[in-house]
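See below for the structure under consideration.
The values are calculated or read from the model by the stated rules, or taken from the named source; none is laboratory data. Being a predicted model, the structure only gives us computed values, none of them experimental. Cβ sites come from the backbone with ideal geometry, for glycine too, and all protein chains shown count toward neighbours. Please note that ligands, DNA and RNA were not included when accessible areas were found on the heavy atoms of the full protein model with its side chains. Shrake-Rupley method; radii C 1.70, N 1.55, O 1.52, S 1.80 Å.
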Amino acid sequence: MSGGGGDEKHLKPATRVVRGGRRPEWTGPVVNPPVWRASTHLYQTDAERQAAGGNNADGQFFYGRRGAPTQWALAEALTQLEPGAAGTVLFPSGVAAIAGAMLAVLKPGDRLLMTDNAYDPTRSMATGLLTRLGVETTFFDPRDVDTYRALLSAGAKAVWLEAPGSLTFEMTDVPLLAALAREHGAVTLVDNTWASPLGFAALEHGCDIVTMSLSKHVGGHSDLMMGSASAGKRWYAALRRVSQELGQVVSPDDAALAARGLRTMGVRLEAQTRAALQVAQWLETRPQVAAVFCPLLPSDAGHALWQRDFTGGCGLFSFALASDDPAASARVADALALFGIGYSWGGYESLALPISPGSYRSVMPCPTGGAPALRLSIGLEDPADLIADLARALEQV
Ligand SMILES: Cc1ncc(COP(=O)(O)O)c(C=O)c1O
């Protein structure tokens, strides 16, 4: 048996998760690509060095900043999971990947349209870094297609999407918004961290560049920071250029850890999605809960879109408490025994986080209506234990 380099696009996603990037020339006789720690790459002759410098092709030894087989194997595995991708660039965090994607597309004088429920640091990048670089951002409600169309008609270089959106998980009709963007000559970028390519094939649904925080599902064990951006031929070249210009690089140790997490991502996501739906459905029945925000739920306004476009989900969703006491969400979080309190998500262990999504919105109404709310990342514990823990904690409302 050999590993899975090259073109294995005909295989099912679960098989590609296992085989991706494991080229025999990178793994040698072992299963996983070894950790190639390198700054200097050595050449047999100076002529060989000069040829390598001019070449700058993927998978060519040159210098540590362009990676070595450990990073190449991870990038290739991610590319093989993303239908329509010509390549993947790795970044030291999800936020760095978002910055790389934006800088690959935008230049001074351009206008960006950004979904109003984008991850808060993505918003801050637009209102901070991009503003300083002379890029103007307009936030929009992704469900208000008429206004979105009018904004596109007024001229935009790019559109930033995230589906479902951060903190309250409103779904977006990504194929429609991406098609409209293309009609108006705008590039569509999407943060696909929630679903991963296993749950949503972003490029196949019309997006041009897809970013993901690998710190979440790919790492899967809450011990890694990394990000990726994948694209078809044209935008992959731009991503690769900007990452080299910025000197973005990930360590081979981290790349090996990410690749190790990736191999089990499919089964973790399936289990966490199943458990999250069970917990969310139970929360819907609780008198202390005013609303649950989770597109996996048949009652959710975004469920039909999720069913139409997505092939999977994850363990992340949120809910609002039936209380007007702002301190109630912290009391619930403190009372939980099986959920850690902390940022990030997608690890094997469950997390709870009091949230105030209203403070990160400019145009969309916040569905919590200002009520105290919590975000849950459901891990791999038995959902019955998590539900019992939540039942005890909700007595604090
Ligand atoms: C939707 C989303 N995108 C991107 C990121 C950023 O990823 P990282 O923490 O790896 O920088 C996060 C982190 O929480 C996130 O929730």
Seminar exercise, completed: Everything considered on the Cα gyration tensor (a ≥ b ≥ c; rounded for a/c under 1.5, else prolate if a/b is larger than b/c, else oblate), the range 163-247 must be described as oblate
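Roll a 1.4 Å probe over the protein chains and send me the accessible area per residue for the range 18-151 in Å².
Working: 6090 Å² over 134 residues.
With the other protein chains kept in place, the range 18-151 gives 45 Å² per residue.
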Problem set entry | Using θ = phi - 60° and Karplus 6.51 cos²θ - 1.76 cosθ + 1.60, couplings along the range 278-286 (whole Hz; Gly, Pro as x) | 4, 5, 5, 5, 5, 4, 4, 8, 7
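When N counts the residues of the chain, how does its alpha-carbon radius of gyration compare numerically with 2.2 N^0.38 Å, as a ratio?
Numbers: Rg = 21.5 Å, N = 397, 2.2 N^0.38 = 21.4 Å.
So the Cα radius of gyration is 1.00 times the expected 2.2 N^0.38 Å.
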Exercise. Cross-link partners among aspartates and glutamates for K9, C-alpha distance below 16 Å, same-chain residues fewer than 8 apart left out?
Worked result: E76, E82, E204
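What number comes out for accessible area per residue over the range 307-397 if the probe is 1.4 Å? Units Å², please. Mind dumping the intermediate values first?
On the way: 3870 Å² over 91 residues.
Ligands and nucleic acids excluded, the result is 43 Å² per residue.
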For this session: Express in whole angstrom the spacing between the alpha-carbon centres of the range 366-397 and the range 248-322.
Result: 14 Å
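Using the alpha carbons of the range 195-290, what is the convex hull volume per residue in cubic angstrom, as a whole number?
Output value, Cα hull per residue: 145 Å³.
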Seminar exercise, completed: In nanometres, the difference between 0.36 nm per residue of separation and the alpha-carbon distance of E381 and V31 is 123.1 nm
Problem set entry | Tail fraction, Cα-Cα pairs, the range 54-182, threshold 16 Å, whole percent | 69 percent
Exercise. Spin-label point model (7 Å from Cα, Cβ direction): what's the V267 to H221 distance in nm?
Worked result: 1.5 nm
Exercise. If R0 is 51 Å, what FRET efficiency do you get for R274 and H41 from their C-beta distance, rounded to 0.05?
Worked result: 0.65
Seminar exercise, completed: With Rg from the Cα atoms and Rh as the Kirkwood inverse mean 1/r over Cα pairs, the range 17-102 has an Rg/Rh of 0.99
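Could you sort Y348, Y236, Y343 by their accessible area in this structure, using a 1.4 Å probe and putting the largest first? Before the final figure, lay out the partial values.
Values: Y348 110, Y236 25, Y343 190 Å².
Highest to lowest solvent-accessible surface, that is Y343, Y348, Y236.
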For this session: Take every Cα pair under 8 Å in the range 1-85 that's 6+ residues apart, average their separations, divide by the length, and report that relative contact order as a whole percent.
Result: 36 percent
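Roughly to the nearest percent, how much of the accessible area of the range 271-325 is carbon and sulfur, given a 1.4 Å probe? Provide the component values of the computation, followed by the final result.
Details: 1180 of 2290 Å².
C and S atoms contribute 51 percent here.
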Problem set entry | Stretch gain in nm, segment K9-R182, where the contour uses 0.36 nm per residue and the Cα spacing is subtracted | 59.7 nm
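Based on alpha-carbon positions alone, could you give the equivalent ellipsoid semi-axes of the range 298-397 from the gyration tensor, as √(5λ), descending, whole Å?
Its equivalent ellipsoid spans semi-axes of 22, 20, 12 Å.
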Problem set entry | Amide hydrogen neighbours beyond the local backbone of V289, cut-off 5 Å, H modeled | A322
Problem set entry | the chain, relative contact order [Cα under 8 Å, separation at least 6], % | 16 percent
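Rounded to the nearest 5, what is the percent of antiparallel bridges among the DSSP beta bridges in the chain? Mind showing how you got there, number by number?
Values: 25 of 44 bridges.
So the antiparallel bridges amount to about 55 percent of the total.
For the range 122-235, give the percent of accessible area contributed by carbon and sulfur heavy atoms, probe 1.4 Å, rounded to a whole number. Mind showing how you got there, number by number?
Values: 1950 of 3710 Å².
Looking at the range 122-235 in its full context, I get 53 percent from C and S.
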